[in-house]
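Notes follow the structure.
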Amino acid sequence: MLTPLVLTSCVTTSVFAPKSSCSELVPTAWSKPIPDAAAPVQGETVLDTLKSWINFGGEQTAKKASEFERAQAGRGITQRCEDRDKAAIEKSKPKFLGVF
């Protein structure tokens, strides 16, 4: 006598793509540039004018460095998010015999 073939259902995991893009994880305030330093002013003496230029140069450099660091951090957030999503998709792909 033949025994009936019993088919069992295969359990799969659903993968849902995020509804928002990775770039939305970057703070929106970061999309606006950091304002430039106030322009140097002419002082009462040459020394005062020189101090004004030195202060301008230091402040402007600090602001541009902050803007660059913000841009680098934003790119890093986006890249890690994309890498995470790619890894989740790869992990969810069906495997032959559960290994390959």
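Read-outs throughout are calculated quantities, based only on the coordinates presented, and are distinct from any laboratory measurement. For clarity, every value in this text was computed on a predicted model and none was experimentally measured. Because the Cβ atoms are built from the backbone with ideal geometry, glycine has one as well, and the counts that use them run over all protein chains shown.
Numbers for the structure displayed
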| read-out | value |
| --- | --- |
| Spin-label pair Lys51/Ile77, simplified geometry with 7 Å Cα→Cβ offset, distance in nm | 3.9 nm |
| Size of the stretch 46-92 as Cα extents on the principal axes (Å, biggest first) | 69, 6, 5 |
| Sites Ser23 and Lys91, calculated FRET efficiency, Cβ-Cβ separation with R0 30 Å, nearest 0.05 | 0.85 |
| ³J(HN,Hα) computed for each position of the stretch 76-89 - Karplus, 6.51 cos²θ - 1.76 cosθ + 1.60, integer Hz, glycine/proline x | x, 4, 5, 5, 5, 5, 5, 4, 4, 5, 5, 5, 5, 5 |
| Other-chain or far-sequence residues with amide H under 5 Å of Ile34's (modelled H) | none |
